[in-house]
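Worksheet: the structure to be examined is printed underneath.
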Amino acid sequence: MGQFAAGFDLGKDYSQICCWNTDSGAPVSISVVPGAEKYRIPTESLELFLKKALRLLKPYGRIHEAAAVVFSVEALEEGLVERIKQAAMRTMGVPESRIYVQTRQESFCAYVLNQPKEIWRHQAVLFDYEGEELRGMILNVNPRTTPFLARVECEESFSRPLSGLQLPDKNEVFQELIREMFAGRPVSTVYLVGEGFEENWYEPSLKLLCNGRRVFAGNNLYAKGACYRAMHAANRKEAAAYVFLGADKISYNVCLRTPGTGKNSMYTLLNAGESWYEAKAGCEVLLYDEPVVEFYFQPMQGAEGLKESLLLEGLPDRPSRASRLRIDVEFVRVDRLRLKVLDMGFGELFPSSDLCWTEEVELP
């Protein structure tokens, strides 16, 4: 049996579940009724949904043993990530290190970039019609970099209220949005998601969408995208094929200079593209010479890097490589990093001074 991973889309009213199918090498949607395509599960509360998910996933694998679990949400509000992680640990028994939270925009990106290349060679557009509002987003991929750089445009102008409109008016508004978003863009693929597209009202608009483009309709794209991300997280040793540039992603590689291993040698602590609330790392090093720890911040898109030197004031005078340091880095905001260095001494010969140095760095 291969690795087990799960992806969840947490909606305000309804949520969905996918898990990895090792036979097909793709996510499979979990239906609330075996044999039926009924994937929407009333959310009610996070805890109740997770209890239902625990029962529905039981035939597919043990969720507490999952290699990774990813939750897709509309927006990353303050405290939401922590609430989801705590609930998943408490209700499902999943270790915190295997739980990830991402936006629906990132799930859209993950889903599309796991499709054949002709799907995303040009721009892909998603229309989401849930509740009373129709919203659009555009996926842009730069395949000329390694890894690929991907971002999603989701402007306020890409949103239209459709509540209370007659069918001809709905189509008129939808077609106006299509023309606005497609103007000057090489759109090759369109996705339609949300319960609003389950009714047959948009046939005139569909003709406009299908003009030389592929159009797909379905309601489980976000959950499948979360499941793809879960498998990528489970296979951390494999190099990432792309980096998603979301508003919650750090835009710098965080590196530590290691002078004892060669000129300009660097050790990467954090990679650009990680969510800031998950971006934390640590290591232990031996101090080579001067009582200074040098950090370098390299932006992913080729701009000039930044340097930050942390002076270890008061560190006892010891021979070279006789001071063992514990170094921890953690983002406290998407543009603010906390550096921490702890003196651990060096065995019985040079006991720890218990000194600790901290500094916070603002990144542009």
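The values are calculated or read from the model by the stated rules, or taken from the named source; none is laboratory data. Quantities reported herein were computed from a predicted structural model and do not represent experimental measurements. Cβ sites come from the backbone with ideal geometry, for glycine too, and all protein chains shown count toward neighbours. When the accessible area is computed, the model is the full protein with side chains, heavy atoms only, and any ligands, DNA or RNA have been set aside. Shrake-Rupley method; radii C 1.70, N 1.55, O 1.52, S 1.80 Å.
In table form, for the structure just shown:
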{"quantity": "Charge tally in the Cβ shell below 10 Å around LEU355, where Lys, Arg are +1 and Asp, Glu are -1, LEU355 excluded", "calculated": "-3"}
{"quantity": "For the chain, accessible area per residue (1.4 Å probe, heavy atoms of protein chains only), Å²", "calculated": "52 Å²"}
{"quantity": "Computed label-point distance, nm, for sites SER309 and ARG336 using a 7 Å Cα→Cβ extension", "calculated": "2.6 nm"}
{"quantity": "Sulfur and carbon atoms: percent of accessible area, the chain [1.4 Å]", "calculated": "48 percent"}
{"quantity": "The chain: DSSP helices with Cα axial extent of at least 15 Å and average Kyte-Doolittle hydropathy no lower than -1.0", "calculated": "46-57, 80-92, 167-182, 221-234"}
{"quantity": "Size of electric dipole in the chain: Cβ of Lys, Arg +1 and of Asp, Glu -1, about Cα centre, debye, nearest 20", "calculated": "1260 debye"}
{"quantity": "Euclidean distance of C-alpha centroids, the range 269-316 and the range 1-50, integer Å", "calculated": "39 Å"}
{"quantity": "Cysteines (scope the chain) whose Cβ has no counterpart Cys Cβ under 4.7 Å", "calculated": "CYS19, CYS109, CYS154, CYS210, CYS255, CYS283, CYS356"}
{"quantity": "Global form of the range 13-66, assessed from the alpha-carbon gyration tensor, a/c cut-off 1.5", "calculated": "oblate"}
{"quantity": "Difference of contour (0.36 nm per residue) and Cα-Cα distance, TYR60 to LYS280", "calculated": "76.0 nm"}
{"quantity": "GNM flexibility winner over the chain from ALA36, ALA234, ALA226 (Cα, springs under 10 Å)", "calculated": "ALA36"}
{"quantity": "Charged-residue dipole, Cβ positions (Lys, Arg, Asp, Glu), the range 190-239 about Cα centre, Debye nearest 20", "calculated": "440 debye"}
{"quantity": "Lys, Arg +1 and Asp, Glu -1 on Cβ, resulting dipole of the range 151-208 about Cα centre, debye, nearest 20", "calculated": "260 debye"}
{"quantity": "Greater than 18 Å apart at Cα, pairs in LYS85/LYS280; LYS249/LYS280; LYS12/LYS58; LYS38/LYS224; LYS12/LYS52", "calculated": "LYS12/LYS58"}
{"quantity": "Convex hull (Cα only) mean projected area of the chain, reported in nm² to one decimal", "calculated": "21.8 nm²"}
{"quantity": "Percent of Cα pairs exceeding the 21 Å cut-off, where the set is the range 53-156", "calculated": "51 percent"}
{"quantity": "Geometric extent, Cα atoms of the range 135-198 - Rg, Dmax (angstrom)", "calculated": "14.3, 48"}
{"quantity": "Among ILE327, ILE99, ILE30: highest mean-square fluctuation, GNM of the chain, C-alpha pairs under 10 Å", "calculated": "ILE327"}
{"quantity": "Neighbour-limited loop hits for GluC sites (Glu not before Pro), the range 1-58 (at most 13 other Cβ within 10 Å; DSSP other than H, G, I, E, B)", "calculated": "GLU37, GLU44"}
{"quantity": "The range 280-349: trypsin sites (Lys or Arg not before Pro) in DSSP loop, at most 13 other beta carbons within 10 Å", "calculated": "ARG321"}
{"quantity": "Proximal lysines to LYS207, defined as alpha-carbon separation beneath 19 angstrom and excluding residues fewer than eight positions away on the same chain", "calculated": "LYS170"}
{"quantity": "Computed label-point distance, nm, for sites GLN115 and MET89 using a 7 Å Cα→Cβ extension", "calculated": "3.7 nm"}
{"quantity": "Distance between modelled label sites at ASP289 and SER45, nm, 7 Å Cα→Cβ extension", "calculated": "6.1 nm"}
{"quantity": "Alpha-carbon centroid distance for the pair the range 318-364 / the range 183-259, whole angstrom", "calculated": "39 Å"}
